[in-house]
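Chemist: Submitted below is the structure of interest, expressed as structure tokens.
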Amino acid sequence: MDFMVFQYPMITVQACLDGILLGILFALIAYGMALQWGVMNIINIAQGDLVILGGYIAYFMYLYGIHPAWGVIVSPIIMYFVGVGIYKLVINKVVDRDLFISILATFGISILFMQLMNFAFGADVVLANSGYGTTFLFDSAVVLPNSKIFSAFVSIVFAIGLVIYMKKSKLGRAIRATAQNARAAKILGVDTEKVYAATFGLNAALCGVAGALISITFTIHPYMGLPYTIRSFMIVIVAGLGNLPGVAMSGMGLGVFEEFADYILGTEFRIGSVFLLLVLILVYRRFKLSRKREYLK
Amino acid sequence: MKINKIILSFISAIAILFSTSVASFAKVVGDKIVLGAAISLTGKYSSNGVHTQNGYNMAVDRINSMGGVKVGGKTYKFEIIYYDDESNPKRAAQLAERLISQDGVEFMLGPYSSGLTKAIAPVTEKYGVPMVEANGASRSLFTKGYKYLFAVLAPANLYLDVAIRTAVELNGGKGVRIAQAFEQDAFSQDVRLGILDAAKETGSEIIIDDKLPKELNDMAATLVKVKQMKPDVLVVSGHTKGALTAIRQIAEMKVDVPMLAMTHCDAAKLSKQHGKNSQYALCASQWHKTLTYKDNFFKDGMTYAADFQKEFGYDPPYQSAESSAALLVFKDAFERANSFDQKKVRDALAATNMQTFYGNIKFAPGGQNVDKPMVLFQVMCDGAGKCENKVVAPLKWASAKLIHPIPKWSDR
């Protein structure tokens, strides 16, 4: 236990800012998960692996001399088609089945993706250098890499863009209608099959954006996907489906929580603390639910 | 009639089984000495696994083309049976078992990484199969009393020992303040123990002692602490990802520290791909091509590097060099034992005292190589931003003078 983070106010500020910037990025991934969970009732275990795949797209652009920031545009386009492809091959066969089957299916996809990425790109840890500088605040007591600020900014832009798209466009309305009641939407002429494919594609595209940002800000590696899946799962169960401000808030909350856990418990417990929090929240939610049920009796 | 047939086929099946097992049992077949190796060709260690395999193959080709191994007046050639251990210790142990009991291999080469070597060593020990390994540096491998394990590399606790001693020396013999961050795996934790020993002996103080997780990709918290506490030395060890994460975040957060010492810089291709960001980093290495060790097969480091480059298309990392050295050791031991008896070969290995292009090799009773110090190189960049690793310590091989303290980011 180390309480240095509270002893120096500037470190507290640093931890909060780092956490918020990181949390915004998590929220973007979680938003994709919430979207397809809400529409298709599928918990996508392969979410983090899609993120990493998106990161590799940006990395390869960087390797061929293109600035990795363009990955933010290119990666979602490629990932959209990857998403639609996965839907057509696997997900459409499990979309009407119960949750357990779909978790198994996406778990399988996750393992497949990890191994394929390892096979295709090698097991090296890689990163894409953006060359963005650093921002100093408070007489350089607080340091923020511009790449982190850039990734939070891009995440916000994409999230807002998607919200507007869901509200205004025809497909967006069809997606929302399907989420509310798939059968009714079908009767009213919505091609739910297409909506499902598009939703999965959109989710993959969001993962692509997030992946590109992660390759610019942190590092990527074929086996690093799972922590991102867990984080987005957690953000979604805290916020609930279809609650976008909730997703943003719980994303940032998780980011700050992680940073503080890192300072207080040590970096080695960073991911561990997320898992612990997940268990606590699940227990708490169950507890709440069971109380409600008693009340109904 | 029918029963006769069944009995007959049963007997013939046993006979076939027996004959094949006999045929494959003597693993010095004809003019071939067959060695076995489980290597990580897939999974998280696959890139270093391939470096290891390339190193082995390069040495096998070279030794075979230069006359092979002479035992009992006859010339033999090396051959290696490889299996992919998928970077998984359990799988590695199974494969070692299979190599020995099914394929009848009598001599083994090591896998990549301390973890996998630890998984295999009990198996080779059980069967009394001599194993020369080149990629397991964890100290715990050499304290178990293994009799058949020989490592051509220096143990992990010596990796950054030199860095601390150099820092103390530059500080006028007074102790320094050390900040350290290590991944929680066998190898990195051994490097950490080495630092603790060196700190104790030199009267240095450890002011930050962080542990890094396996899924590490963010060490901002550690670096913020470093900025606050201003240590004299920052030590980071966490394989390739530790080196990459540290370099990226130190550059982005403009962390000023007089000395930065790391492991796995060449595996992370710091000087080539991350240029100026990695400038002035000190890196521990088992080997560097500019060292002046010599042998008859590869001549010296520079020739080895050039030949390797020609064959595989990249500059050899030390993982390849040490793997090649393992075969030189085996050849030498076979010839001195003048026999393929496992016990005799083991004793010959234990008595090894030779020089290879990779360094001097002499085994302590625990099996580690005690005759080859680690080297430290520093990433140095010229005005055009082209960066290179230059050996700075020990002084005997230094090709450049250590730049200390590291200039502040604001002055670069």
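Chemist: Take the range B:227-236 and flag every residue that is at pLDDT below 90 and either buried (at least 24 other Cβ atoms within 10 Å of the Cβ) or among the hydrophobic types (A, V, I, L, M, F, W, C) (or both).
Modeler: Filtering the range B:227-236 down to residues at pLDDT below 90 leaves B:227-229.
B:Met229 - this is the single residue of the range B:227-236 that is at pLDDT below 90 and either buried (at least 24 other Cβ atoms within 10 Å of the Cβ) or among the hydrophobic types (A, V, I, L, M, F, W, C) (or both).
Chemist: Given the conditions (1) closer than 29 Å to B:Ala398 by Cβ; (2) of a type in the set (Gly, Ala, Ser); (3) more than 14 Å from chain A (Cβ to nearest Cβ); (4) within 18 Å of the chain's Cα centre (by Cα), and given that B:Ser237 satisfies all but one, which numbered condition is not satisfied?
Modeler: (3)
Residue-wise test of (1) surrounded by 15 or more Cβ atoms within 10 Å (Cβ to Cβ); (2) closer than 20 Å to B:Asn157 by Cβ; (3) among the small types (Gly, Ala, Ser); (4) in contact with a Phe, Trp or Tyr (Cβ under 7 Å, 6 or more places away or on another chain).
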site: B:Ala350; (1), (2), (3), (4): yes, no, yes, yes
site: B:Phe357; (1), (2), (3), (4): yes, no, no, yes
site: B:Ile361; (1), (2), (3), (4): yes, yes, no, no
site: B:Pro365; (1), (2), (3), (4): no, yes, no, no
site: B:Asn369; (1), (2), (3), (4): yes, yes, no, yes
site: B:Val375; (1), (2), (3), (4): yes, yes, no, yes
site: B:Cys381; (1), (2), (3), (4): yes, no, no, no
site: B:Cys387; (1), (2), (3), (4): yes, no, no, no
site: B:Val392; (1), (2), (3), (4): yes, no, no, yes
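Chemist: If I go through the range B:399-411 residue by residue, how many of them are in contact (Cβ under 8 Å) with a residue 60 or more places away in the chain and either more than 22 Å from B:Asn277 (Cβ to Cβ) or part of a loop (DSSP other than H, G, I, E, B) (or both)?
Modeler: So the first thing to find is which residues in the range B:399-411 are in contact (Cβ under 8 Å) with a residue 60 or more places away in the chain, and the list is B:399, B:402-410.
Of the ones still in play, those that are also either more than 22 Å from B:Asn277 (Cβ to Cβ) or part of a loop (DSSP other than H, G, I, E, B) (or both) are B:399, B:402-408.
Going through the range B:399-411 one residue at a time, the tally reaches 8.
Chemist: Scan A:Val143, A:Val154 and give me the residue that is touching a residue at least 40 places away in the same chain (Cβ under 8 Å) and within 14 Å of chain B (Cβ to nearest Cβ). Steps first, please.
Modeler: Values: A:Val154 fails: within 14 Å of chain B (Cβ to nearest Cβ).
The conditions single out A:Val143.
Chemist: Follow-up. A:Leu206: crowded, with 24+ Cβ neighbours inside 10 Å, within 14 Å of chain B (Cβ to nearest Cβ) and modelled with pLDDT of 90 or more, yes or no?
Modeler: Values: crowded, with 24+ Cβ neighbours inside 10 Å: yes; within 14 Å of chain B (Cβ to nearest Cβ): no; modelled with pLDDT of 90 or more: yes.
Against the criterion (crowded, with 24+ Cβ neighbours inside 10 Å, within 14 Å of chain B (Cβ to nearest Cβ) and modelled with pLDDT of 90 or more), A:Leu206 does not qualify.
Chemist: Then there is this: I'd like to verify a number: residues in the range A:61-73 that are more than 18 Å from the chain's Cα centre (by Cα) and crowded, with 18+ Cβ neighbours inside 10 Å, how many?
Modeler: Narrowing the range A:61-73 to residues more than 18 Å from the chain's Cα centre (by Cα): A:61-70.
Those still in the list that are crowded, with 18+ Cβ neighbours inside 10 Å too: A:61-62, A:68-69.
Number of matching residues: 4.
Chemist: Here is a follow-up. In the range B:244-257, is there at least one residue being in a helix (DSSP H, G or I), out of contact with any helix residue (DSSP H, G or I) (no Cβ under 7 Å at 6 or more places or on another chain) and of a type in the set (S, T, N, Q)?
Modeler: Yes; the residues of the range B:244-257 include at least one that is in a helix (DSSP H, G or I), out of contact with any helix residue (DSSP H, G or I) (no Cβ under 7 Å at 6 or more places or on another chain) and of a type in the set (S, T, N, Q).
Chemist: Next question, about the same structure. Could you count how many residues in the range B:284-301 are hydrophobic (A, V, I, L, M, F, W, C) and over 19 Å from the mean Cα position of the chain (by Cα)? Don't jump to the end; show me each part of the working.
Modeler: Just the residues of the range B:284-301 that are hydrophobic (A, V, I, L, M, F, W, C), to begin with: B:284, B:287, B:291, B:297-298.
Filter once more, keeping what is over 19 Å from the mean Cα position of the chain (by Cα): B:297.
The qualifying residues number 1.
Chemist: Can you tell me how many residues within the range B:139-169 are surrounded by 24 or more Cβ atoms within 10 Å (Cβ to Cβ), closer than 16 Å to B:Leu193 by Cα and touching a Ser or Thr at 6+ places or on another chain (Cβ under 9 Å)?
Modeler: 6
Chemist: Taking the stated definitions as given, is B:Lys396 in a helix (DSSP H, G or I) and modelled with pLDDT under 90? Give the derivation first.
Modeler: Details: in a helix (DSSP H, G or I): yes; modelled with pLDDT under 90: yes.
Against the criterion (in a helix (DSSP H, G or I) and modelled with pLDDT under 90), B:Lys396 qualifies.
Chemist: Do you know which of the residues in the range A:121-147 that are crowded, with 19+ Cβ neighbours inside 10 Å and among the small types (Gly, Ala, Ser) is farthest from A:Phe218 (Cα to Cα)?
Modeler: A:Ala123
The values are calculated or read from the model by the stated rules, or taken from the named source; none is laboratory data. Just so we're clear, the structure is a prediction, and the values are computed from it rather than from any experiment. With ideal geometry, Cβ positions are generated from the backbone for all residues, glycine too; neighbour counts draw on all protein chains shown.
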